[in-house]
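Just below is one structure, and these are the notes that go with it.
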Amino acid sequence: MKQISFASLAFDAKKKQTRREKFLAEMDQVMPWEALLAVIEPHYPKAGRRGRQPMPLEATLRIYFLQQWYALSDPGLEDALYEIESMRRFAGLELVEDALPDETTILNFRRLLERHELTAQLMNTINDVLEQKGLLLKGGTMVDATIIHAAPSTKNKGKARDPEMHQTKKGNQWFFGMKVHVGADVNSGLVHTVSVTPANVSDLSQLPNLLREDDRAVLGDAGYVNNTFKRAARKAGVFWGVALKARPKRTLTSGQKRRNRKLASVRSRVEHIFRVVKCQFGYIKTRYRGIAKNAAQVFTLIGLTNLYLKRHALMS
């Protein structure tokens, strides 16, 4: 039994359950903890006879997920664990009894995940659980991409922007950063494949990496128009559902516009993923330098987003 602090007693006596409490309770219920811990455990430091003992793995993983959900820096997350009782309870920590992690401990765990490329495995583990539950189906893929901004400032030690990020033009506006390409299931709208590139890489170049071998349909916007891929898909018996694009001096017919609207009504579900990642979890700008570190965070966010979108189905 842990010694209960006055903060915990006061928290128990409050009359309303906050939105943060409800969200964390739902995610705690649907998270496949045993499977996720099994991925990390072989690489996690073991307790020895001497020196500082590592934090329990489950508590550390829970703290890492809190950082992703609330877009907190390492120092910001350390402060939040001291200040917010609901976060401490989700992590299984007590203010009086347990030693709360400092920002260096949080940093070291994230670097461990990056070094062993574990975040992609965590995403795949979550998807395997969803597939076993019948929530991630096969048959067709929707492809799309979104730009994540990076800091363009040169006011740093190297007096230069991140060399792995690039700028691209969308419409009449220029953006600097990276691009997240996703392949999502047509039936469920959940992402099964992710690719992260600099922003100047075309959407079409990542199309082969986003498809599954047994896909029987491909849906995408006009950025994926390509006659070579179109003929290959039709030859293989795959439905080519890429939006038609008007050409110079040749506008789309009314029938072609209706086809585009019909396909867009199905394809729009892939935008729900980007809404959760950007609006719900606050990932609108890269936090680190380099593609690899940011890609590791993207894999985690996509896996957590898949769980978030299907949390009610998993709870029922």
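The values are calculated or read from the model by the stated rules, or taken from the named source; none is laboratory data. These figures come from a predicted structure and were not determined experimentally. Please note: Cβ atoms are built from the backbone with ideal geometry, for glycine as well, and neighbour counts cover all protein chains shown.
Listing for the model above:
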{"read-out": "Every residue from segment 199-234 that is of a type in the set (Ser, Thr, Tyr) and in contact (Cβ under 8 Å) with a residue 12 or more places away in the chain", "value": "SER202, TYR224"}
{"read-out": "Pick from segment 249-279, criterion in a helix (DSSP H, G or I) and basic (Lys, Arg), ranking: nearest to LEU210 (Cα to Cα)", "value": "ARG267"}
{"read-out": "Residues that are in a strand (DSSP E or B) and within 28 Å of GLY241 (Cα to Cα), drawn from segment 118-174", "value": "THR141, MET142, VAL143, ASP144, ALA145, THR146, ILE147, ILE148, THR168, LYS169, LYS170, GLN173"}
{"read-out": "Condition broken by MET55, with the remaining ones in (1) crowded, with 16+ Cβ neighbours inside 10 Å; (2) of a type outside the set (S, T, N, Q); (3) touching a residue at least 60 places away in the same chain (Cβ under 8 Å); (4) assigned to a loop (DSSP other than H, G, I, E, B) satisfied", "value": "(3)"}
{"read-out": "Meets criteria (more than 30 Å from ARG212 (Cα to Cα), assigned by TED's automatic domain parsing to the domain that holds ARG19 and among the basic types (Lys, Arg)) for ARG110", "value": "no"}
{"read-out": "Options TYR288, TYR283; residue that is under 26 Å from GLU164 (Cα atoms), touching a Leu at 6+ places or on another chain (Cβ under 8 Å), in the same structural domain as PHE229 (by TED's automatic domain parsing) and assigned to a loop (DSSP other than H, G, I, E, B)", "value": "TYR283"}
{"read-out": "Meets criteria (free of Cβ contacts under 8 Å to residues at least 60 places away in the same chain and touching a strand residue (DSSP E or B) at 6+ places or on another chain (Cβ under 8 Å)) for LEU137", "value": "yes"}
{"read-out": "Meets criteria (more than 20 Å from ILE302 (Cβ to Cβ) and without any contact (Cβ under 8 Å) to a residue 60 or more places away in the chain) for HIS166", "value": "yes"}
{"read-out": "Qualifying residue in segment 235-245 (condition: in a loop (DSSP other than H, G, I, E, B), in the same structural domain as VAL182 (by TED's automatic domain parsing), under 22 Å from HIS166 (Cα atoms) and of a type in the set (Val, Ile, Thr))", "value": "no"}
{"read-out": "Residue satisfying all of: in segment 85-117; part of a helix (DSSP H, G or I), over 19 Å from VAL39 (Cα atoms) and touching a Lys or Arg at 6+ places or on another chain (Cβ under 7 Å); modelled with the highest pLDDT among these", "value": "PHE90"}
{"read-out": "Test: residue in segment 194-210 that is in a strand (DSSP E or B) and of a type in the set (Ser, Thr, Tyr)", "value": "yes"}
{"read-out": "Candidate set from segment 257-316 (those that are of a type in the set (Val, Ile, Thr) and out of contact with any helix residue (DSSP H, G or I) (no Cβ under 6 Å at 6 or more places or on another chain)); member that is farthest from ARG110 (Cα to Cα)", "value": "VAL266"}
{"read-out": "Failed item, numbered, when ASN294 is tested on (1) farther than 30 Å from ASP28 by Cβ; (2) assigned to a helix (DSSP H, G or I); (3) in contact with a strand residue (DSSP E or B) (Cβ under 9 Å, 6 or more places away or on another chain)", "value": "(1)"}
{"read-out": "Among (1) in contact (Cβ under 8 Å) with a residue 12 or more places away in the chain; (2) out of contact with any Leu (no Cβ under 8 Å at 6 or more places or on another chain); (3) in a helix (DSSP H, G or I) - the single one LEU307 does not satisfy", "value": "(2)"}
{"read-out": "Residue match in segment 241-250 (condition: of a type outside the set (Phe, Trp, Tyr) and either at pLDDT 95 or above or under 20 Å from SER188 (Cα atoms) (or both))", "value": "yes"}
{"read-out": "Failed condition for VAL238, given (1) under 25 Å from the mean Cα position of the chain (by Cα); (2) under 11 Å from GLY140 (Cβ atoms)", "value": "(1)"}
